[in-house]
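Undergrad: The structure's right below; bear with me while I get my questions together.
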Amino acid sequence: MTTVSLFRPPYFSFKSMMLVFLWVLTMPATQAAPLSGSNWSAGTLEGRWDINMMKDGQVLPSWLEVNHSGNHTLVGRFVYAFGSARPISKINYSDGKFSFSIPPQWEQGTSDMVFEGTFLGDSLYGTMIYTDGKKYDWTAVRAPLLHRQANPVWGKPITLFNGSNLKGWHAMGENQWVAVNGILQSPHSGSNLVTDQTFTDFKLHIEFRYPKGSNSGVYLRGRYEVQIEDGKGKEPLSDLFSAIYGFCAPSEMVARDPGVWQSFDITLVGRLVTVVANGKTVICHQQIPGITGGAINSQEGEPGPILIQGDHGPVDFRNIILTPAK
């Protein structure tokens, strides 16, 4: 994912947004605990937060991480509705109020995005001034830890694409996807495609090919993108082929030539992910800290679909097989 997504979240009325706000304020404190290891006075703010950004009648999923740096400074990372995780050099905090700013990434305009917030138990609420100068409200709850107490027991494999039609899938806008001779094709940029079913922990096998310069991705639970991009010969980075976009870089670049079939074998258990790209393990049992840009929502504790990205260029898929945990 390298530019603004064409995905448009559903419209929310003012009444709906107020209900979301009230829901956040009444969320139980048992969802997850703050990160341990700090006795600093702002320790209660530290941790990871799943954000609902209210913008122009839409709810945009976002994410915030807050950590201490030494004895006097809070730093962090932020993921907006699109783009990669962005570093926050300093978070100002006093008496339950905090603020920070970040420069634009893929947004239009040159002004910083400015955030102000209030800490209230296990929830946050505040405002964002966007790069166009408009102010928007947001709310947040602590992100769940997603620890698993035992290794998964795997169920029976499910063939997600039948090779003949789009049964079991739906487009998130005007559909450009077609099934041709056992291949799921997006011939040009258009809508993302998601499964009707949702999943929690699973193993996923998926094969794909793309033309020169194209870009796509596979979103696990609809929230964590494994990057697909024409990247042969490049250094392995967190925004290139086989990375967890913006978070986890692969150990090596194993992308093949454009036009050649390639594969991912992905295991996701809680937040722990392993990615085998073209037969080589490039990410091994690494933690995904939070949602990536383009996520369908920020409800990390819930099951989610498999989403394949169709808004960044032509791409083909085949042999999409998921094995769920029981």
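Undergrad: Looking at region 146-200, which of its residues are without any contact (Cβ under 8 Å) to a residue 60 or more places away in the chain, in a loop (DSSP other than H, G, I, E, B) and of a type in the set (A, V, I, L, M, F, W, C)?
TA: Ala150, Leu166
Undergrad: Which one is farthest from His312 (Cα to Cα), of the residues in region 279-299 that are among the hydroxyl-bearing types (Ser, Thr, Tyr) and crowded, with 18+ Cβ neighbours inside 10 Å? Spell out the reasoning first.
TA: Just the residues of region 279-299 that are among the hydroxyl-bearing types (Ser, Thr, Tyr), to begin with: 281, 292, 298.
Checking which are crowded, with 18+ Cβ neighbours inside 10 Å leaves us with 292, 298.
Details: Thr292: 16, Ser298: 22 Å.
Selected residue: Ser298.
Undergrad: Could you list, in sequence order, the residues of region 222-258 that are touching a Phe, Trp or Tyr at 6+ places or on another chain (Cβ under 8 Å), small (Gly, Ala, Ser) and modelled with pLDDT of 95 or more?
TA: Once the filter is applied, which keeps residues that are touching a Phe, Trp or Tyr at 6+ places or on another chain (Cβ under 8 Å), small (Gly, Ala, Ser) and modelled with pLDDT of 95 or more, region 222-258 yields Ser238, Ser242, Ala255.
Undergrad: Next question, about the same structure. Scan (1) touching a residue at least 40 places away in the same chain (Cβ under 8 Å); (2) crowded, with 16+ Cβ neighbours inside 10 Å for the single condition Leu120 breaks and write down its number.
TA: Of the numbered conditions (1) touching a residue at least 40 places away in the same chain (Cβ under 8 Å); (2) crowded, with 16+ Cβ neighbours inside 10 Å, the odd one out for Leu120 is (2).
Undergrad: Next up: Give just the number: which of (1) under 24 Å from Ala143 (Cβ atoms); (2) buried (at least 24 other Cβ atoms within 10 Å of the Cβ); (3) not β-branched (Val, Ile, Thr) does Gly310 not satisfy?
TA: Failed condition: (1).
Undergrad: In region 264-273, is there at least one residue being farther than 30 Å from Met53 by Cβ, modelled with pLDDT of 95 or more and among the charged types (D, E, K, R)?
TA: yes
Undergrad: Given region 223-297, what strands (runs of 3 or more DSSP E) lie entirely inside it while holding 1 or more residues that are touching a residue at least 12 places away in the same chain (Cβ under 8 Å) and farther than 25 Å from Ser191 by Cα? Talk me through it step by step, then tell me what you get.
TA: Working: elements: 224-229, 262-269, 272-277, 280-287.
The strands (runs of 3 or more DSSP E) meeting that bar are 262-269, 272-277, 280-287.
Undergrad: Now a separate question. So Ser164 fits all but one of (1) modelled with pLDDT of 95 or more; (2) within 19 Å of Gly290 (Cα to Cα); what number is the exception?
TA: (2)
Undergrad: Tell me, yes or no, whether region 167-187 has at least one residue that is touching a Pro at 6+ places or on another chain (Cβ under 8 Å), assigned by TED's automatic domain parsing to the domain that holds Gly304, of a type in the set (A, V, I, L, M) and exposed (fewer than 13 other Cβ atoms within 10 Å of the Cβ).
TA: There is at least one residue in region 167-187 that is touching a Pro at 6+ places or on another chain (Cβ under 8 Å), assigned by TED's automatic domain parsing to the domain that holds Gly304, of a type in the set (A, V, I, L, M) and exposed (fewer than 13 other Cβ atoms within 10 Å of the Cβ).
Undergrad: Another question, then. Can you pull out every residue in region 135-145 that is in a loop (DSSP other than H, G, I, E, B) and more than 16 Å from Tyr80 (Cα to Cα)?
TA: So the first thing to find is which residues in region 135-145 are in a loop (DSSP other than H, G, I, E, B), and the list is 143-145.
Those that are in a loop (DSSP other than H, G, I, E, B) and more than 16 Å from Tyr80 (Cα to Cα): Pro144, Leu145.
Undergrad: Quick check on region 198-215. Is at least one of its residues of a type in the set (Gly, Ala, Ser) and either within 21 Å of the chain's Cα centre (by Cα) or within 16 Å of Asn319 (Cα to Cα) (or both)? Walk me through how you get there before you give the answer.
TA: Residues of region 198-215 that are of a type in the set (Gly, Ala, Ser), as a first pass: 213-214.
Restricting the remaining residues to those that are either within 21 Å of the chain's Cα centre (by Cα) or within 16 Å of Asn319 (Cα to Cα) (or both) gives 214.
Taking every residue of region 198-215 in turn, at least one turns out to be of a type in the set (Gly, Ala, Ser) and either within 21 Å of the chain's Cα centre (by Cα) or within 16 Å of Asn319 (Cα to Cα) (or both).
Undergrad: Still on this structure, I have one more. Does Thr127 meet the test of being among the hydroxyl-bearing types (Ser, Thr, Tyr) and not in a strand (DSSP E or B)? So that I can check it myself, show each step before the final result.
TA: Working: among the hydroxyl-bearing types (Ser, Thr, Tyr): yes; not in a strand (DSSP E or B): no.
So Thr127 fails the test.
The values are calculated or read from the model by the stated rules, or taken from the named source; none is laboratory data. In this text the structure is predicted, and so the values were computed from the model without any measurement. Please note: Cβ atoms are built from the backbone with ideal geometry, for glycine as well, and neighbour counts cover all protein chains shown.
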